[in-house]
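I have placed the structure first, in the form of structure tokens, so that the comments after it can refer back to it.
The values are calculated or read from the model by the stated rules, or taken from the named source; none is laboratory data. As the structure is a prediction and not an experimental result, all values here were calculated from the model. Reconstructed Cβ throughout: ideal geometry from the backbone, glycine too, with neighbour counts over all protein chains shown.
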Amino acid sequence: MKIPPPRVKKELVPLAVVMAEAKLDGICKPPSSEQCFVVGQTVSAAGLVPTARSSLTAQDKRGSYLARWNIGRMSFIVDPGLYALGAPDSSSVVVVTANYKMSFDQLRAALAGRDCWILVLDTKGINVWCAAGKGTFGTVELYDRVVESRLAEVVTHRKIIIPQLGAPGVNGLDIKKYTGFQVVWGPVLAADLPAFLDNGMVADAAMRRKSFPLAERLALAPVEFVQASGKIFLLILFFLLLSGLGGKNIFWAAALEMGFFAVLALLAALIGGTVLVPVLLPWLSGRAFSVKGMWAGLLSYLVVVAIYLFVWPDRGMGRVEIVAWLLMVTAISSWLGMNFTGASTYTSRSGVRHEMLRAIPIQVAAGVTGFCCWLAARFWIS
């Protein structure tokens with residue numbers, strides 16, 4: 001899909017001056033040279049700068065794999081500040097990125113064999129695209145890092161390259177006004193940076209486009225699945241407890257007999273919202289991720305109902321219970337599906353807000369209605 005060219009905001013951000021002055025008193029620490037990817041130090045006009053290795057080690061790749069599964073995800077970060085790659089000098093280019101280590105790793109690997117400076121912003125461990133939407137990859141933070149790292153002393157030129165996906169958070173006019181550095185919008189992908197630099201820092205049409213193939217969509221599923229699994233597990237325990245209390249047999253027998261389908265339905269909601277949404281994204285009807293999540297939940301729920309009735313025909317369910325779980329599963333799956341709005345280029349920051357304002361009340365209403373119907377089926381409708 002084609003991403004619109006970055007637009008520079010017109011409003012000024014005087015807060016940048018205040019923030020930067022607050023950090024110039026030594027509160028901001030320079031990047032540590034003890035990080036695993038640092039191989040030495042480079043002498044600059046502003047002092048020693050940590051030198052990053054361009055090749056990725058087994059430890060780097062292992063960390064990325066674990067982060068995909070939400071293991072140590074929020075601690076998978078690098079110290080913000082200025083780094084050297086190769087043997088840069090005062091004329092070398094400056095590339096900006098987030099302090100999410102996977103973003104940093106992809107950038108330094110893409111620039112292997114080149115001499116450049118990498119300015120890392122403190123995005124709280126969030127990648128460039130998401131951090132720009134949240135505001136942590138923004139004008140104030142960029143200003144702080146430029147001033148704190150004494151970048152004007154390190155390089156003689158006045159250009160900094162910012163990823164195109166960081167455009168929603170950065171006001172190029174303010175950066176120029178307050179620092180003297182011109183913002184150059186780089187390509188969407190770090191892999192295109194070598195060609196971008198060789199082309200005189202001019203991006204062609206292909207560099208402004210971002211596809212969202214199956215492999216990339218699947219890469220997002222594990223972390224969403226793991227994050228949601230804990231909440232679904234608590235819901236499973238909750239419904240097993242209510243099933244045991246509402247049965248005619250002893251507690252555990254009733255919980256297993258009456259709560260078994262609840263477990264299957266909640267797992268269907270989990271798989272629908274975290275796996276089927278990214279896998280079937282281009283084919284699910286609707287533009288909003290909440291709508292796509294609803295359809296994914298409906299699909300997974302129908303499969304579960306069909307299997308349940310085929311394998312255990314003697315455990316038939318009443319119509320009220322079927323409708324109850326239909327409402328709850330689609331509501332949960334729809335809510336989980338919205339998590340992908342911040343991990344794709346399908347929606348804008350304002351579009352996400354607009355969708356949430358419309359979708360969340362409907363999701364809550366469907367979930368509450370479904371739960372009330374389920375209680376009625378369990379306790380009052382024979």
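If I filter the range 317-341 down to residues being of a type in the set (S, T, N, Q) and within 15 Å of Leu264 (Cα to Cα), which single residue comes out as farthest from the chain's Cα centre (by Cα)?
Of the range 317-341, the ones of a type in the set (S, T, N, Q) are 330, 333-334, 339, 341.
When the remaining residues are screened for being within 15 Å of Leu264 (Cα to Cα), the result is 330, 333.
Numbers: Thr330: 23, Ser333: 18 Å.
Checking each candidate, the answer is Thr330.
Could you please let me know if Val95 is under 26 Å from Arg217 (Cβ atoms) and either under 23 Å from the mean Cα position of the chain (by Cα) or of a type in the set (D, E, K, R) (or both)?
On the way: under 26 Å from Arg217 (Cβ atoms): no; either under 23 Å from the mean Cα position of the chain (by Cα) or of a type in the set (D, E, K, R) (or both): yes.
No, not satisfied.
In the range 259-281, which residues are under 15 Å from Met338 (Cα atoms) and either free of Cβ contacts under 8 Å to residues at least 60 places away in the same chain or surrounded by 20 or more Cβ atoms within 10 Å (Cβ to Cβ) (or both)?
Taking the range 259-281 as the starting set, the residues that turn out to be under 15 Å from Met338 (Cα atoms) are 269-281.
Ala269, Leu270, Ile271, Gly272, Gly273, Thr274, Val275, Leu276, Val277, Pro278, Leu280 - these are the residues of the range 259-281 that are under 15 Å from Met338 (Cα atoms) and either free of Cβ contacts under 8 Å to residues at least 60 places away in the same chain or surrounded by 20 or more Cβ atoms within 10 Å (Cβ to Cβ) (or both).
Select from the range 21-59 the residues that are in a loop (DSSP other than H, G, I, E, B), modelled with pLDDT under 95 and among the basic types (Lys, Arg) and list them in ascending order.
Lys29
Restrict the check to the range 328-338 and report whether at least one residue is surrounded by fewer than 19 Cβ atoms within 10 Å (Cβ to Cβ) and hydroxyl-bearing (Ser, Thr, Tyr). Show your work before the answer.
Initial filter on the range 328-338 (surrounded by fewer than 19 Cβ atoms within 10 Å (Cβ to Cβ)): none.
Checking the range 328-338: not a single residue is surrounded by fewer than 19 Cβ atoms within 10 Å (Cβ to Cβ) and hydroxyl-bearing (Ser, Thr, Tyr).
Taking the range 133-154 as the search range and keeping residues that are hydrophobic (A, V, I, L, M, F, W, C) and in contact (Cβ under 8 Å) with a residue 40 or more places away in the chain, which one is nearest to Leu82 (Cα to Cα)?
Step one: filter the range 133-154 for residues hydrophobic (A, V, I, L, M, F, W, C), giving 137, 140, 142, 146-147, 151-152, 154.
Adding the requirement that they be in contact (Cβ under 8 Å) with a residue 40 or more places away in the chain leaves 140, 142, 147, 151, 154.
Numbers: Val140: 16, Leu142: 12, Val147: 11, Leu151: 8, Val154: 10 Å.
Checking each candidate, the answer is Leu151.
Of all residues in the range 168-180, which are crowded, with 18+ Cβ neighbours inside 10 Å and free of Cβ contacts under 8 Å to residues at least 60 places away in the same chain?
Going through the range 168-180, the residues crowded, with 18+ Cβ neighbours inside 10 Å turn out to be 168-172, 174-175, 178-179.
Hits for the range 168-180 are Gly169, Val170, Ile175, Thr179.
Considering only residues that are in a helix (DSSP H, G or I) and polar (S, T, N, Q), look in the range 201-234 and name the one that is farthest from the chain's Cα centre (by Cα).
Step by step, filter the range 201-234, then rank; the result is Ser229.
Modelled with pLDDT of 90 or more and either within 24 Å of Gly259 (Cβ to Cβ) or not assigned by TED's automatic domain parsing to the domain that holds Ile271 (or both): which single residue out of Met328, Met294 fits that description? Spell out the reasoning first.
On the way: Met294 fails: either within 24 Å of Gly259 (Cβ to Cβ) or not assigned by TED's automatic domain parsing to the domain that holds Ile271 (or both).
The unique qualifying residue is Met328.
So, Ser229, is that one closer than 30 Å to Leu66 by Cβ, modelled with pLDDT of 90 or more and either loosely packed, with under 13 Cβ neighbours inside 10 Å or not assigned by TED's automatic domain parsing to the domain that holds Met74 (or both) or not? Explain how you work it out, then say what you get.
Values: closer than 30 Å to Leu66 by Cβ: yes; modelled with pLDDT of 90 or more: yes; either loosely packed, with under 13 Cβ neighbours inside 10 Å or not assigned by TED's automatic domain parsing to the domain that holds Met74 (or both): yes.
Judged against the criteria, Ser229 is a match.
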